[in-house]
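Note sheet for the following structure.
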Amino acid sequence: MPLYLNDEQTMLRDAAQQFVGEAAPVSHMRALRDADDATGFSRDLWKQFAEMGFTGILIPESDGGLGLGHVEAGVVLEEIGRNLSPSPFLATAVAAVEALKGSAQRERWFPGILAGETVAALAIDEKAKHGNAIGMKAERSGNGFRLSGAKQFVTHGHVADLLIVAARTAGAPEDDAGVTLFAVPKDTAGLTADPQRLADSSLASRVTFENVEVDADAVIGEVDGGRAVLDALLAAGRTGAAAESLGVGGGAMDMTVQYLKERKQFGVLIGSFQALQHRAAHLYAELEVARAAVLKAQQLLDAGDARAAEAVSVAKAMAGLASTLAVQEGVQMHGGIGMTDEFDIGFYMKRGRVLAEMFGDANFHADQLARASGY
Amino acid sequence: MSDLDTFRAETRAWLEANCPASMREPVRSEKDTVWGGRDQSALTPDQKTWMDRMAARGWTVPDWPKAYGGGGLSPAESKILREEMRALGCRNPLSSFGISMLGPALLKYGNEEQKLEHLPRIARGEIRWCQGYSEPNAGSDLAALATSAEDMGDHFLVNGQKVWTSYADKADWIFCLVRTDKSVKQAGISFLLFDMASPGVSTKPILLISGYSPFCETFFDDVKVPKANLVGELNKGWDVAKYLLGHEREMISGMGLGLSSGGTLIGNTVAQMGLDADGRLADPLLRGQIALHEVRARAFAAMSERFLDELKAGRAHPAQPSMMKYYGTELNKARHELEMAAGGSDSLEWESEASNNGAAPRAWLRTKANSIEGGTSEVQLNIIAKRILELPS
Ligand SMILES: Cc1cc2nc3c(=O)[nH]c(=O)nc-3n(C[C@H](O)[C@H](O)[C@H](O)COP(=O)(O)OP(=O)(O)OC[C@H]3O[C@@H](n4cnc5c(N)ncnc54)[C@H](O)[C@@H]3O)c2cc1C
């Protein structure tokens, strides 16, 4: 398979570019922020995503979706990133769908996702830095389970209809075995979400589980055997976040290159200064390399290739490095105006930071790679 | 099975049966590289067997047309061949400026006689080529070159000096940029091919910081070159030169894949430092640096794959080789810096047998030229800024 988008994928990209650019440009995000919007995204926009078919990209055709892959999901995510559009797409239509795919719960949740009515959130992280350990407890209780503990960085957690929760039914936090995934509906007693506004003005919750009782049929996959489902969810989430980062980095670079062609100092366009040209060219190279790494991971995931896990780590790490550079250079090359709230480039910096942390930063993924290579 | 699956299975079987065991080991030093040429006595029997067997199938140049000694493979088939060679650890059977630089230029700009004369011999590794571009006063500003070729009716008379000519003392033929019109800069340059054994050609080696001298100053003193050896039109050699440079940059970018050193960075480092109780490299800071380097290296491997795919499909931006060259060579330099750090004092040994005659430090020093040869990193960045990002002058 050649490592570029095929004709159908290119058509999807053009459609996504146009749709997201018109329906949810950066001004959309700014308006939500200025209104101190308590949801964190537009439900109306989420419905439009569904009308475009985007929410069903990863849902199999037999379940009413489009039956497409991570390359296609990434195409949409890149545009979300470029426009800084607040959207439940990554958590719901990518990560949660990947977890629910093939499970008994899909019949309950897929129709709402396909309709743009259901929002899912992921309750995975327990510390400020993403890691593989799962410590939160789920004990057998009656014919179900009782969950207790806390999660953080749960995007959309306060408004989600469904929480995908990773908990431990046996063993120690670092163990692969003994992890179980649960689909927990909102409003379950004992569940509290405390939403916090993040640097990029998105909302993520600290979620507390106080003796939250769930039925046995809330289990996704096998009891104690949830690691495989969690891995699939994370691979999808990481690849998706990498694609969104790429959009953020690319958007920041485009703005910056445009600015270099417009701003004059010393009587000339600042883009004619070689010191800036070289940095812009270097940035271009970093982003191109990241783009290739992301597409490689998406293709390997879609092919079910055993090399996908390492490629996903490379993609997440590389996209993080490249877009961090892009937003930093973006602010710097804009000079003073880049520091003002009125100008958009600063938003890219904030969103880039959030995505860099999401599902593991560059160091975490470099460490994953080192372990996989035995050093 | 699809046709491509069949091709893959047959290719693998053929490689397994035909690639000698010693040609499946990582290349240890520059001397291990097969360059072909008239003088084949330097080749080991396995090197010769491997080159000849691959050449017989046209697989030294898998995607060239069969008529010119190539394999006539489609882009998808070439990719499979590359993948299968990598999977089995097969060495590149033949490294050659003919393959990576002159060949593509002749395929595009050469006339039929020139193609038939030169391409099959390049494919079989019979003629070793060198590149006569740079001059003492024409480096980054290549079009400032002064070596002249005077029209003498039936031939050109070439006079002048080249510098940095890699392997000029070992090469059989040279592809050379000469000035055929002094009144204009780019538009006065022509592209000539000639035999290094021609009367009036002499070379003088330049010793490098790595202790090797594969580079030369090359002098032309009334060298007679038949007019049939002009590639493309008179005074239009700059187009050929630039096209060839794109291919040179593409080739040099391959260094970023670290394949030439056999992927030894991690293995060597582990051997040197050992693992701690948790199975991690005992030096945590170096481990982190290596791991982050590995992220970039693997991402660049994906970029190289994408670049080749786009190139074959005619979708790559014409200036993209500059990006590949820039990134790949900077990566290769960083990799060797890490290898030196991992090796500690062992990697400083210059002549000992244990160090394979200082392979590591010599290779490390050699990589420092990566961002100079074939156009410096600064020049590549200029090209990206101007031609891809379209920044103002
Ligand atoms: C190992 C090696 C092998 C080589 N092999 C060959 C060969 O086989 N055949 C051949 O013809 N040539 C060969 N070369 C020559 C090579 O192409 C030149 O060295 C190269 O193009 C740089 O030219 P220069 O050395 O004259 O440096 P200069 O052009 O003098 O550059 C000096 C410094 O100035 C910078 N600089 C120059 N112009 C600009 C600009 N416009 N903007 C910003 N910075 C600039 C450069 O980047 C560099 O850092 C080889 C060189 C080396 C080191």
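Has the range A:293-302 got any residue that is without any contact (Cβ under 8 Å) to a residue 24 or more places away in the chain, buried (at least 17 other Cβ atoms within 10 Å of the Cβ), facing another protein chain (nearest Cβ under 10 Å) and of a type in the set (S, T, N, Q)? No - not one qualifying residue is present in the range A:293-302. Taking (1) more than 23 Å from residue B:140 (Cα to Cα); (2) touching a residue at least 60 places away in the same chain (Cβ under 8 Å); (3) more than 14 Å from chain A (Cβ to nearest Cβ); (4) surrounded by fewer than 19 Cβ atoms within 10 Å (Cβ to Cβ) in turn, residue B:197 satisfies each apart from (2). Taken over the range B:304-329, the residue count meeting the criterion of being facing chain A (nearest Cβ under 9 Å) and either surrounded by fewer than 19 Cβ atoms within 10 Å (Cβ to Cβ) or of a type in the set (Asp, Glu) (or both) is 6.
Could you please give the count of residues in the range B:215-259 that are away from chain A (no Cβ under 14 Å) and either within 15 Å of the ligand (Cβ to nearest atom) or charged (D, E, K, R) (or both)?
To start, the set of residues in the range B:215-259 that are away from chain A (no Cβ under 14 Å) comprises B:215-248, B:250-252, B:254-255, B:259.
Filter once more, so that each one left must be either within 15 Å of the ligand (Cβ to nearest atom) or charged (D, E, K, R) (or both): B:215-222, B:224, B:227, B:233, B:236-242, B:244-248, B:250-252, B:255.
Residues in the range B:215-259 being away from chain A (no Cβ under 14 Å) and either within 15 Å of the ligand (Cβ to nearest atom) or charged (D, E, K, R) (or both): 27 in total.
Would you say residue B:166 is closer than 22 Å to residue B:39 by Cα and hydroxyl-bearing (Ser, Thr, Tyr)? For residue B:166, the condition - closer than 22 Å to residue B:39 by Cα and hydroxyl-bearing (Ser, Thr, Tyr) - is met.
Checking residue B:138 against (1) within 16 Å of the ligand (Cβ to nearest atom); (2) surrounded by 20 or more Cβ atoms within 10 Å (Cβ to Cβ): exactly one of these is not met. Which one? Residue B:138 satisfies every listed condition except (2).
Could you give me the residue pairs with C-beta distances under 7 Å whose first residue belongs to the range B:122-148 and is within 14 Å of chain A (Cβ to nearest Cβ), whose second residue is at pLDDT 95 or above and within 11 Å of the ligand (Cβ to nearest atom) wherever it lies, and which are 6+ apart or on separate chains? Close Cβ pairs (under 7 Å, with a partner that is at pLDDT 95 or above and within 11 Å of the ligand (Cβ to nearest atom)) amount to B:140/B:376; B:140/B:379. Could you list all residues from the range B:150-197 that are more than 16 Å from the ligand (Cβ to nearest atom) and either of a type in the set (Gly, Ala, Ser) or out of contact with any strand residue (DSSP E or B) (no Cβ under 6 Å at 6 or more places or on another chain) (or both)? Residues satisfying the conditions are B:151, B:152, B:153, B:154, B:181, B:182, B:183, B:184, B:187, B:188, B:197. Residue B:196: closer than 21 Å to residue B:97 by Cα and either aliphatic (A, V, I, L, M) or in contact with a helix residue (DSSP H, G or I) (Cβ under 8 Å, 6 or more places away or on another chain) (or both), yes or no? Criteria met by residue B:196. Across the range B:362-382, which residue is farthest from residue B:320 (Cα to Cα) among those that are more than 14 Å from every other protein chain (Cβ to nearest Cβ) and near the ligand (Cβ under 7 Å from one of its atoms)? My answer is B:369.
Residue A:262 falls short on exactly one of the conditions (1) at positive phi; (2) assigned to a loop (DSSP other than H, G, I, E, B); (3) over 21 Å from the mean Cα position of the chain (by Cα), and that condition is (1). Would you confirm, using the coordinates I've provided, whether residue A:157 is buried (at least 19 other Cβ atoms within 10 Å of the Cβ), touching a residue at least 40 places away in the same chain (Cβ under 8 Å) and in a loop (DSSP other than H, G, I, E, B)? When the stated conditions are applied, residue A:157 passes them. Comparison of A:347, A:359 shows that the only residue that is surrounded by 20 or more Cβ atoms within 10 Å (Cβ to Cβ), under 29 Å from residue A:227 (Cα atoms) and either acidic (Asp, Glu) or away from every other protein chain (no Cβ under 14 Å) (or both) is A:359.
Listed here are the residues, each with its yes/no results for (1) over 21 Å from residue A:118 (Cα atoms); (2) of a type outside the set (Ser, Thr, Tyr).
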{"site": "A:10", "(1), (2)": "yes, no"}
{"site": "A:14", "(1), (2)": "yes, yes"}
{"site": "A:39", "(1), (2)": "no, no"}
{"site": "A:61", "(1), (2)": "no, yes"}
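Within the range A:138-151, restricting attention to residues that are within 28 Å of the chain's Cα centre (by Cα) and crowded, with 18+ Cβ neighbours inside 10 Å, the residue that is nearest to residue A:128 (Cα to Cα) is A:151. Residue pairs whose Cβ atoms lie under 7 Å apart, sitting 6 or more positions apart in sequence or on different chains, and linking a residue in the range A:314-341 that is under 14 Å from residue A:354 (Cα atoms) and within 14 Å of another protein chain (Cβ to nearest Cβ) to a partner that is modelled with pLDDT of 95 or more and assigned to a loop (DSSP other than H, G, I, E, B), are A:316/A:359; A:316/A:360; A:320/A:361. The condition of being modelled with pLDDT of 95 or more, under 17 Å from the mean Cα position of the chain (by Cα) and more than 16 Å from the ligand (Cβ to nearest atom) holds for residue B:324. Against the list (1) under 19 Å from residue A:294 (Cα atoms); (2) within 9 Å of chain A (Cβ to nearest Cβ); (3) buried (at least 19 other Cβ atoms within 10 Å of the Cβ), the condition residue B:281 fails is (1).
Taking the options A:244, A:286, A:222, name whichever one is within 13 Å of another protein chain (Cβ to nearest Cβ) and either of a type in the set (D, E, K, R) or touching a Lys or Arg at 6+ places or on another chain (Cβ under 7 Å) (or both).
Only one candidate qualifies: A:286.
The values are calculated or read from the model by the stated rules, or taken from the named source; none is laboratory data. Given the structure is predicted, the values throughout are model-derived calculations rather than measurements. For neighbour counting, all protein chains shown are included, and Cβ atoms are generated from backbone atoms with ideal geometry for every residue, glycine included.
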